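Notes for the one structure printed next.
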Amino acid sequence: MSTLAEIEAAVSALPPAEQEALWRLLGRRLAGSGDAQKATRWPVPPPAVPREELRRVHALIEAEFSQTE
């Protein structure tokens with residue numbers, strides 16, 4: 001594999017468990033290379049949002065998606 005497109009295609013062909021293992025390996029390598037700030041944790045932790053705001057957003061989503069045409 002010599003191009004990013006070939007690598008992406010090969011990764012897409014992997015089963016999900018192997019994709020996850022690859023993600024962890026790459027994360028460790030990035031953290032070890034001094035680029036720890038650039039490495040994003042996955043899954044991303046939830047934002048610090050007040051519970052009432054979460055309830056408001058949830059109610060909006062429910063109202064919008066519960067309507068049928």
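The values are calculated or read from the model by the stated rules, or taken from the named source; none is laboratory data. Source: prediction; values computed, not measured. Here the Cβ positions follow ideal geometry from the backbone for every residue, glycine too, while neighbour counts run over all protein chains shown.
Taken over segment 42-53, residues that are modelled with pLDDT under 90 and either assigned to a helix (DSSP H, G or I) or touching a Gly at 6+ places or on another chain (Cβ under 8 Å) (or both) amount to 1.
For segment 1-32, a residue qualifies if it is part of a helix (DSSP H, G or I) and among the small types (G, A, S), and the qualifying residues are A5, A9, A10, S12, A13, A17, A21, G27, A31, G32. Taking A39 as the residue in question, decide whether it is surrounded by 10 or more Cβ atoms within 10 Å (Cβ to Cβ) and at pLDDT below 85. It is true that A39 is surrounded by 10 or more Cβ atoms within 10 Å (Cβ to Cβ) and at pLDDT below 85.
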